[in-house]
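Working notes, structure below.
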Amino acid sequence: ALVLNTHSLLASLQRNELSERRFLQLNKCPACWGTSWCRKFLNGQLRLESWGRLRLLDFFNVKNVYFARYGEPREGSRRVVLKRLGSAQELADIDTKICRRATGRGRCDLLQALPATEFASLNGDVRLLTPGAVEGWSDLVHCPSQRLLDRLVRRYAETKDSGSFLLRNLKDSERMQLLITLAFNPEPLVLQSFPSDEGWPFAKYLGACGRMVAVNYVGEELWSYFNAPWEKRVDLAWQLMEIAEQLTNNDFEFALYLLDVSFDNFAVGPRDGKVIIVDAENVLVADKRLIRQNKPENWDVWYESKFDDCDKEACLSFSKEILCARVTVDHNYYAICQNLLSRHATWRGTSGGLLHDPPAEIAKDGRLEALLDECANPKKRYGRFQAAKELREYLAQLSNNVR
């Protein structure tokens, strides 16, 4: 038995499962994330890093995230992150939902069932992807505007015809892939529509094959810097507040609200020290232009998020409806301050937030603690807005002083 198990172990280490259609679940397409990187996968240009090849470890890899090398040995390779965008159970649930919507049964032939679902209803000569067709499917399109949907289609990377906002320019299979991604895990669409190349703080999207997407490897997750030197933590905290500001107020007038903020949703580049969002599944996008145009009730009243003093990690209190209906919202400042920076932040048994244990002179001064407290749990009306602004400026000052 030992000999057989050893042989099986060696075989699994030598195989390149990333070139196998079954492992990639390519047979599920177009009920998949895309095919733009299939040639690279199937040609063996991607290989799982050593321990990632052991299927025994999948039990611990609940999120189905893998690290791999991409490239040819002679040309050098780089590290990439591969995601299935769901656990094994969540992916199985996708198949079940498609079957139930099409046939009323939990199991079916996916390829035969898809044409009977809403994912195929926009096939044919449909010109635009409209809000009425997809509103509420996921956080990304909880309250979509036509301007946002045109952006999603125009920047869709899983087609050779990208650049057009006309839905009819996509193939039927590409439309279904786009809609299924939008409904089940829109993270790839966030990365494509708000790309790092244009300065957005997200990991770079590379491509997909079946139910596996590839994104650029950023670096170690933020939690690994929890006990880094004070100077480093100050710089990271300043960057996090800058991210909160950029996603809230930008020239495009899209507010991107982070609904899931924890230490493992961010990573830090080892060379440039830049903080990047590496988990963008739960991002709600509100179109400020549309809010100003439609003027829903209280649209111009500043919205203050309610502090959530729960006993669990990464708690946030928010109303998606209000995020969609107000122009001025403090949600991102609240999420970063409460869950990452302040004394209220907890992570894997640690507490005190990223800015714990400041130097004696800063602790004695008391300004940092006061700003963090007001940003996380404001005592004054609209106090968080002012505290966030002053905190950004104060952290920038501290960061410049320690550089």
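Are any residues in the stretch 97-131 within 30 Å of Leu258 (Cβ to Cβ), open to solvent by 50 Å² or more (accessible area, probe 1.4 Å) and either assigned to a loop (DSSP other than H, G, I, E, B) or modelled with pLDDT of 95 or more (or both), and if so, which ones?
Selection gives Glu118, Thr130.
When both residues are 6+ apart or on different chains and their Cβ atoms are under 8 Å apart, which pairs have a first residue that lies in the stretch 225-248 and is under 13 Å from His331 (Cα atoms), and a second that is β-branched (Val, Ile, Thr)?
Met241/Ile336; Ile243/Val275; Ile243/Ile277; Ile243/Ile336; Ala244/Ile336; Thr248/Val329
Test Pro270 against the criterion of being more than 14 Å from the chain's Cα centre (by Cα), open to solvent by 30 Å² or more (accessible area, probe 1.4 Å) and in contact (Cβ under 8 Å) with a residue 12 or more places away in the chain, and give yes or no.
Details: more than 14 Å from the chain's Cα centre (by Cα): yes; open to solvent by 30 Å² or more (accessible area, probe 1.4 Å): yes; in contact (Cβ under 8 Å) with a residue 12 or more places away in the chain: yes.
So Pro270 passes the test.
Looking only at residues that are of a type in the set (Val, Ile, Thr) and farther than 19 Å from Ile291 by Cβ in the stretch 216-254, which one is surrounded by the most Cβ atoms within 10 Å (Cβ to Cβ)?
First pass over the stretch 216-254, keeping only residues of a type in the set (Val, Ile, Thr): 218, 234, 243, 248.
Add one more test, that the residue is farther than 19 Å from Ile291 by Cβ, and what stays is 218, 234, 243.
Values: Val218: 22, Val234: 27, Ile243: 21.
Only one residue tops the list, namely Val234.
Identify, from the list Asn43, Asn16, Asn5, Asn27, the residue that is surrounded by fewer than 21 Cβ atoms within 10 Å (Cβ to Cβ), over 30 Å from Leu170 (Cβ atoms) and at pLDDT 65 or above. So that I can check it myself, show each step before the final result.
Numbers: Asn43 fails: over 30 Å from Leu170 (Cβ atoms); Asn5 fails: at pLDDT 65 or above; Asn27 fails: over 30 Å from Leu170 (Cβ atoms).
The conditions single out Asn16.
On the basis of being modelled with pLDDT under 90 and not hydrophobic (A, V, I, L, M, F, W, C), does Gly136 make the cut? Give the steps one after another, and end with the answer.
Details: modelled with pLDDT under 90: no; not hydrophobic (A, V, I, L, M, F, W, C): yes.
In short, no.
Does the stretch 320-330 include one or more residues that are part of a helix (DSSP H, G or I), crowded, with 23+ Cβ neighbours inside 10 Å and at pLDDT 95 or above?
The initial filter retains those residues of the stretch 320-330 that are part of a helix (DSSP H, G or I), namely 320-323.
Of the ones still in play, those that are also crowded, with 23+ Cβ neighbours inside 10 Å are none.
Within the stretch 320-330 (the criterion being part of a helix (DSSP H, G or I), crowded, with 23+ Cβ neighbours inside 10 Å and at pLDDT 95 or above), the answer is no, since none of the residues qualifies.
Out of the residues in the stretch 212-247 that are outside any strand (DSSP E or B) and among the β-branched types (Val, Ile, Thr), which is farthest from Glu390 (Cα to Cα)? Break it down into steps so the answer makes sense when it comes.
Step one: list which residues in the stretch 212-247 are outside any strand (DSSP E or B), which gives 217-219, 222-247.
Narrowing further to those that are among the β-branched types (Val, Ile, Thr): 218, 234, 243.
Working: Val218: 29, Val234: 14, Ile243: 15 Å.
Only one residue fits best here, namely Val218.
Evaluate the stretch 153-162: report whether one residue or more is in a helix (DSSP H, G or I), modelled with pLDDT of 95 or more and crowded, with 18+ Cβ neighbours inside 10 Å. Reasoning before the result, please.
Let us first name the residues in the stretch 153-162 that are in a helix (DSSP H, G or I), namely 153-154.
If we keep only those that are modelled with pLDDT of 95 or more too, we end up with 153-154.
This time we only want the ones that are crowded, with 18+ Cβ neighbours inside 10 Å, so: 153.
Scanning the stretch 153-162, I find at least one residue that is in a helix (DSSP H, G or I), modelled with pLDDT of 95 or more and crowded, with 18+ Cβ neighbours inside 10 Å, so the answer is yes.
Just for the stretch 147-175: of the residues that are within 23 Å of Arg289 (Cα to Cα) and touching a residue at least 60 places away in the same chain (Cβ under 8 Å), which one is nearest to the chain's Cα centre (by Cα)?
Top of the filtered list is Leu148.
Among the residues in the stretch 61-77, are any at pLDDT 90 or above, surrounded by fewer than 18 Cβ atoms within 10 Å (Cβ to Cβ) and in contact with a helix residue (DSSP H, G or I) (Cβ under 8 Å, 6 or more places away or on another chain)?
Going through the stretch 61-77, the residues at pLDDT 90 or above turn out to be 64-70.
Filter again for surrounded by fewer than 18 Cβ atoms within 10 Å (Cβ to Cβ), leaving 64-65, 67, 69.
Now drop any that are not in contact with a helix residue (DSSP H, G or I) (Cβ under 8 Å, 6 or more places away or on another chain), which leaves 64, 67.
Yes; the residues of the stretch 61-77 include at least one that is at pLDDT 90 or above, surrounded by fewer than 18 Cβ atoms within 10 Å (Cβ to Cβ) and in contact with a helix residue (DSSP H, G or I) (Cβ under 8 Å, 6 or more places away or on another chain).
Which members of the stretch 179-199 meet the condition of being open to solvent by 10 Å² or more (accessible area, probe 1.4 Å) and in a loop (DSSP other than H, G, I, E, B)?
Within the stretch 179-199, Pro195, Gly199 meet the criteria.
Scanning for something closer than 18 Å to Val261 by Cβ, open to solvent by 50 Å² or more (accessible area, probe 1.4 Å) and assigned to a helix (DSSP H, G or I), does the stretch 336-359 turn up at least one residue? Don't jump to the end; show me each part of the working.
Looking only at the stretch 336-359, we keep the residues that are closer than 18 Å to Val261 by Cβ, and these are 336-348, 350-356.
This time we only want the ones that are open to solvent by 50 Å² or more (accessible area, probe 1.4 Å), so: 343-344, 346, 348, 351.
Of the ones still in play, those that are also assigned to a helix (DSSP H, G or I) are none.
The answer is no, given that none of the residues of the stretch 336-359 is closer than 18 Å to Val261 by Cβ, open to solvent by 50 Å² or more (accessible area, probe 1.4 Å) and assigned to a helix (DSSP H, G or I).
The values are calculated or read from the model by the stated rules, or taken from the named source; none is laboratory data. Model, not experiment: these values are computed from the prediction. Here Cβ is always computed from backbone atoms with ideal geometry, including for glycine, and neighbour counts include all displayed protein chains. Ligands, DNA and RNA are excluded from the accessible area calculation, which covers all protein heavy atoms including side chains. Shrake-Rupley method; radii C 1.70, N 1.55, O 1.52, S 1.80 Å.
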